[in-house]
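Undergrad: Mind looking over this structure? Questions follow.
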Amino acid sequence: VFSIGKIGDIFAHRFTGEEFKGASNMQHVDLTLDALRSAPDGAFLFVNLVDFDTEFGHRRDVPGYAACLEQFDARWPDLEAALRPGDLLILAADHGNDPTWRGTDHTREHVPVLGFGPGLAPRAIGRRASFADVGATLAAHLGLPPGRHGTSFLPAILPHA
């Protein structure tokens with residue numbers, strides 16, 4: 001297990017494996033790329049890119065949020081190139097945080113979820129009933145038994161036989 005960003009803090013440093021913390025989203029992307037290069041098969045990386053939330057979303061900084069997205073988009077090819085066959089990257093937010101909405105609270109009930117990896121074709125996973133579906137999908141990918149909550153969307157993104 002590799003925890004990057006504030007993951008260790010979120011989970012009280014319990015079962016968070018090796019923890020790495022940078023000062024920005026781009027440093028966390030760099031740490032993620034380093035971990036992808038050194039991770040053994042079956043490793044689990046959990047990454048939090050907190051700048052979207054704390055630096056721009058809650059502050060309702062639309063230009064800053066847009067620039068942050070552009071920085072991340074520019075790094076996407078690096079992440080894509082670092083993935084190995086059998087890897088699964090799930091990109092999601094933990095809550096809505098529309099930088100154009102009034103106030104500083106979380107917004108929107110639904111967040112985007114993208115499952116990506118070598119050999120996985122783009123397919124819609126539909127509207128999910130619960131964020132627990134992300135956990136159920138990760139468990140299925142790692143060969144773990146299903147938990148009590150969530151439904152895996154892994155069958156929707158695997159190549160059809």
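The values are calculated or read from the model by the stated rules, or taken from the named source; none is laboratory data. On a predicted model such as this, the values are computed, not experimentally measured, just so you know. Methodologically, a virtual Cβ is constructed for each residue, glycine included, from the backbone with ideal geometry; neighbour enumeration extends over all protein chains shown. Side chains are part of the model used for accessible areas, which takes the heavy atoms of the whole protein and leaves out ligands, DNA and RNA. Shrake-Rupley method; radii C 1.70, N 1.55, O 1.52, S 1.80 Å.
Undergrad: So which residues in segment 73-88 are among the basic types (Lys, Arg) and over 15 Å from the mean Cα position of the chain (by Cα), if there are any at all?
TA: The answer is ARG84, and nothing else.
Undergrad: How many residues are loosely packed, with under 12 Cβ neighbours inside 10 Å and either assigned to a loop (DSSP other than H, G, I, E, B) or basic (Lys, Arg) (or both) when one looks only at segment 60-86?
TA: 3
Undergrad: List the number of the failed condition for VAL111; all other conditions in (1) open to solvent by less than 50 Å² (accessible area, probe 1.4 Å); (2) under 21 Å from LEU36 (Cβ atoms) hold.
TA: Among (1) open to solvent by less than 50 Å² (accessible area, probe 1.4 Å); (2) under 21 Å from LEU36 (Cβ atoms), VAL111 violates only (2).
Undergrad: Right, next: Name the single residue, out of those in segment 146-161 being assigned to a helix (DSSP H, G or I) and open to solvent by less than 40 Å² (accessible area, probe 1.4 Å), that is farthest from PRO40 (Cα to Cα).
TA: Out of the qualifying residues, it is ALA156.
Undergrad: Okay, next question. Can you pull out every residue in segment 1-38 that is within 21 Å of ASP73 (Cβ to Cβ) and hydrophobic (A, V, I, L, M, F, W, C)?
TA: Answer for segment 1-38, where residues must be within 21 Å of ASP73 (Cβ to Cβ) and hydrophobic (A, V, I, L, M, F, W, C): ILE4, ALA23, MET26, VAL29, LEU31, LEU33, ALA35, LEU36.
Undergrad: Have a look at ILE90, ILE125 and point out the one that is part of a strand (DSSP E or B) and either under 29 Å from ARG37 (Cβ atoms) or open to solvent by 70 Å² or more (accessible area, probe 1.4 Å) (or both).
TA: ILE90
Undergrad: Quick test for you: out of ASP98, ASP73, ASP94, ASP105, pick the one residue that is charged (D, E, K, R) and at pLDDT 90 or above.
TA: Step by step, each of ASP98, ASP73, ASP94, ASP105 is checked, and only ASP73 is charged (D, E, K, R) and at pLDDT 90 or above.
Undergrad: Of the residues that sit in segment 25-59 and are buried (at least 17 other Cβ atoms within 10 Å of the Cβ) and charged (D, E, K, R), which one is farthest from ASP98 (Cα to Cα)?
TA: Selected residue: ASP51.
Undergrad: In the set ASP30, ASP53, which member is under 22 Å from VAL134 (Cα atoms) and in a helix (DSSP H, G or I)?
TA: Going through ASP30, ASP53 in turn, the sole match is ASP53.
Undergrad: Another question, if that's okay. Among the candidates GLY115, GLY143, GLY119, which residue alone is in contact with a Pro (Cβ under 9 Å, 6 or more places away or on another chain) and either outside any loop (DSSP other than H, G, I, E, B) or not polar (S, T, N, Q) (or both)?
TA: Just one listed residue meets the conditions, GLY119.
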